[in-house]
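**Q** Take a look at this one; I'll ask things after.
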Amino acid sequence: MASVLIAEDSPTQGAWYASMLEDAGHHVRLATSGEEALELIGRCRCDIVLADVLMEGMSGYDLCRKIKTDPGTRRLPVMMMTALNEPQAILKALEAGADNYLTKPVTAEHLTSRVRQLLAKVDLAVVHRDTSGLRLEFMGTSFTIDADRQQILGVLLSSLEDVVRTNRQLAESHKALEVALARQEERGRQLAGQARLSDERHRVLMEAAHDAILIVAPDGTIRDLNRRSGEILGSPWTTLAGRNLKELLQPAPEQVPEVTLEAMLEGKGRTLAIFRLLRPDRSTGRLELTAAPVEGTAEHLMLVIARDISERRRLEEQFHQAQRMEAVGRLAGGVAHDFNNQLSVILGFAEILADQIGPDHPAIESVQTIIGAARQSAQLTRQLLAFSRRQVVQPCLIDLNVHLDELSKTLRRLIGEDVRLVKNFHAELGKIKVDPSQLDQVVLNLAVNARDAMPRGGQITLETSPVSFAGGRPDRPAEVAPGDYVLLTVRDTGCGMSRETLSKIFEPFFSTKSRGKSTGLGLSTVYGIVKQGGGHMEVLSEPGTGSTFRIYLPVAGAGPDDAPAPPPEALPAPVLRTVLLVEDDEMIRSFIRRVLTRNGYEVIDAESGEQALDLAADQGREIHLLLTDIVLPGLRGHEVFEKLRQSRPGLLAIFVSGYTDDSLPDPSQFGAPVPFLEKPLSSQVLLDKVRQLIGHAR
């Protein structure tokens, strides 16, 4: 078989031709330019060249001309390949010295047949070659052809063969077209019979859709719509046809400026976008629009599907707000925990110093100022911990009506005489399990804010009511789990709040009051307390209409651990009382050790739970009390207590913590509630709790 060189600048076409010739048994080389083809001819055996006419750089004509003018390659047959089947192209091929001319596209059979025919005529073409030249004029262009009659005849016949082949294909296509047209006419008659039924089906589908479906012209005119469109757009659907959709929608603030309704209706750019809806009743909403062209319409109508996503957007905003609050809460809780440790040291050693120097010392006033400042700072950290839901709480079962009725006496003094307090309590309420002091903090904070929002007086209303949310109830707030709740509503007639203010009121340190009149922690503390108690909070407010705070608190049934446990009886006064102290902060450990040893207790201190277990195992004497921080590296405080009680079943304990988290135990799991001491620690509170459990030291 022959060695074929293909000069084709399209790799895809070159590979296609090569595969057809290789399947016929030929050896094929590919060149992607005329220059590369000449280089391959110079160093490789080549029996025939197939050259594309139009190539970048050196054209197929130029390549053929160089081959035919070189004495060493002039006998090499060249077949020109092109999609151009014009007389000028054929004459230019003859002028360049081509031996054959092939019109694209080609089949494998046609290509291999032409190559085989050309190879068979090579010797004859060379023997009878006449180079005297022939000059022709065609359509104003001169051509000089240096080819013998055999060459000219070969090119012309190959061109004629391509024309005949093309005409035959056209005739076959014409017959196929006539058959297709006949079938199309029959299909058209069938479709015409189905059109009326199809229209009815389309109308049924449109009316059954939950979304608004509209047919809209490029200028925004509504041509057709379903009934649901009227419900979503806020107007009777019969009045919307003929109106302009652009009058009803505005770009949503969250959309990029490039996305416009005009572009969507013209079929340009994005086909999905969010717009702000303006209803006739002045309410607003969010619509998600999808647009697609209606095929077969001369007016270029667009099918627009509008989905009301107002509720979805509201839930998304609630979720994002909850995420932001959670992140800020974690940060606030971590800062408050570390600050509590420092305050424990400052407050503790200041109290020790005050006790050492006595009330008559000149510096006692300064020391008392330090103690007072430390206690005020401790209150701020409690608020931060409440916001972050890490405050140590001591919940119990309470009747909300009874508790609020008692608290109202304090509220009346707090809000002043120009503010009226109205109570509207539901008689049948389930009990809730909360920390009473935290509940007081929630109500007092809301009452103070309400009072400040009514500088000329007004009314504060406290309401309670039972609420039960089933799983599928549509009015159930997104963050409220199904179940039974007690709803506490605090309503005022104050100045109200803007939408922007509402989005920030629970953020710590945010305040609408003047600088120096608020810490900005009041409502963030309320938010944290409610969340820590498993509740949920909603706020409704608009400028000039007052504010309403709704607090959902889960109903809790009474259990055996809900009754307060009596304090343990003090042990008989032994010769010496030993306290095992576990605290990872060295300064706090030093302060507690100082307080206890100064009051006659022996202290064994450890900086970790593992070290405490080792020290307890090495001690021959009895350990009367474990005083441990709960949050420790490695073993936690309650885990240390559990392990020590295995060998010391009568061991008592006090847990110390600056904050709580989900890993803290239920104190009742140890048989009786284990006392908590909240950081920052006061030396006197610490001593009182230790003496309550194990008595005075000698």
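The values are calculated or read from the model by the stated rules, or taken from the named source; none is laboratory data. All values derive from a computational prediction rather than experimental measurement. A quick note on method: Cβ atoms are made from the backbone with ideal geometry, for glycine too, and the neighbour counts reach across all protein chains shown. Each accessible area value is taken on the protein alone, full model and side chains, heavy atoms only, with ligands, DNA and RNA left out. Shrake-Rupley method; radii C 1.70, N 1.55, O 1.52, S 1.80 Å.
**Q** Does at least one position in segment 88-107 carry a residue that is aromatic (Phe, Trp, Tyr), more than 19 Å from Leu119 (Cα to Cα) and either open to solvent by less than 40 Å² (accessible area, probe 1.4 Å) or assigned to a strand (DSSP E or B) (or both)?
**A** Taking segment 88-107 and keeping what is aromatic (Phe, Trp, Tyr), we get 101.
Remaining after also requiring more than 19 Å from Leu119 (Cα to Cα): none.
No, segment 88-107 contains no residue that is aromatic (Phe, Trp, Tyr), more than 19 Å from Leu119 (Cα to Cα) and either open to solvent by less than 40 Å² (accessible area, probe 1.4 Å) or assigned to a strand (DSSP E or B) (or both).
**Q** Another question, if that's okay. Going by the conditions given, is Val442 within 19 Å of Leu487 (Cβ to Cβ), modelled with pLDDT of 80 or more and open to solvent by 70 Å² or more (accessible area, probe 1.4 Å)? Walk me through how you get there before you give the answer.
**A** Values: within 19 Å of Leu487 (Cβ to Cβ): yes; modelled with pLDDT of 80 or more: yes; open to solvent by 70 Å² or more (accessible area, probe 1.4 Å): no.
No: the conditions fail for Val442.
**Q** Just name the residue that is most open to solvent (accessible area, probe 1.4 Å) out of those in segment 285-317 that are at pLDDT below 80 and not in a helix (DSSP H, G or I).
**A** My answer is Glu295.
**Q** Would you confirm whether any residue within segment 618-639 is over 43 Å from the mean Cα position of the chain (by Cα) and in a helix (DSSP H, G or I)?
**A** Residues of segment 618-639 over 43 Å from the mean Cα position of the chain (by Cα): 618-627.
Right, trim to in a helix (DSSP H, G or I) and you get 618.
For segment 618-639, residues over 43 Å from the mean Cα position of the chain (by Cα) and in a helix (DSSP H, G or I): present.
**Q** Specify the residue that is farthest from Leu353 (Cα to Cα); the eligible residues are those in segment 671-686 that are open to solvent by 20 Å² or more (accessible area, probe 1.4 Å) and either modelled with pLDDT under 60 or touching a Lys or Arg at 6+ places or on another chain (Cβ under 7 Å) (or both).
**A** Among those residues, the one meeting the criterion is Gly671.
**Q** Take segment 241-261 and flag every residue that is modelled with pLDDT of 80 or more, in contact with a helix residue (DSSP H, G or I) (Cβ under 9 Å, 6 or more places away or on another chain) and assigned to a helix (DSSP H, G or I).
**A** Leu245, Lys246
**Q** Now for a separate question. Name, by its number, the condition in (1) modelled with pLDDT of 70 or more; (2) of a type in the set (S, T, N, Q); (3) open to solvent by 80 Å² or more (accessible area, probe 1.4 Å) that does not hold for Ser229.
**A** (3)
**Q** In segment 24-87, which strands (runs of 3 or more DSSP E) lie fully inside it and hold 1 or more residues that are within 20 Å of Leu111 (Cα to Cα) and modelled with pLDDT under 90?
**A** Values: elements: 27-31, 48-52, 78-82.
Where strands (runs of 3 or more DSSP E) fall fully within segment 24-87 and carry at least 1 residues being within 20 Å of Leu111 (Cα to Cα) and modelled with pLDDT under 90, they are 78-82.
**Q** Just to be sure, is Glu22 more than 20 Å from Leu119 (Cβ to Cβ), acidic (Asp, Glu) and open to solvent by 70 Å² or more (accessible area, probe 1.4 Å)?
**A** On the way: more than 20 Å from Leu119 (Cβ to Cβ): no; acidic (Asp, Glu): yes; open to solvent by 70 Å² or more (accessible area, probe 1.4 Å): yes.
So Glu22 does not fit the description; no.
**Q** What tally of residues in segment 66-87 results from selecting those that are farther than 17 Å from Leu102 by Cα and open to solvent by 60 Å² or more (accessible area, probe 1.4 Å)?
**A** Of the residues in segment 66-87, 7 are farther than 17 Å from Leu102 by Cα and open to solvent by 60 Å² or more (accessible area, probe 1.4 Å).
**Q** Here is a further query. Identify all residues within segment 605-615 that are within 23 Å of Leu687 (Cβ to Cβ) and either in a loop (DSSP other than H, G, I, E, B) or open to solvent by less than 20 Å² (accessible area, probe 1.4 Å) (or both); write none if there are none.
**A** Ala606, Glu607, Ala612 - these are the residues of segment 605-615 that are within 23 Å of Leu687 (Cβ to Cβ) and either in a loop (DSSP other than H, G, I, E, B) or open to solvent by less than 20 Å² (accessible area, probe 1.4 Å) (or both).
**Q** How many of the residues in segment 650-664 are closer than 21 Å to Gln692 by Cβ, at pLDDT below 85 and part of a loop (DSSP other than H, G, I, E, B)?
**A** Taking segment 650-664 as the starting set, the residues that turn out to be closer than 21 Å to Gln692 by Cβ are 650-657.
Filter once more, so that each one left must be at pLDDT below 85: 650, 657.
Next cut, part of a loop (DSSP other than H, G, I, E, B) only: 650.
Residues flagged as closer than 21 Å to Gln692 by Cβ, at pLDDT below 85 and part of a loop (DSSP other than H, G, I, E, B) within segment 650-664 amount to 1.
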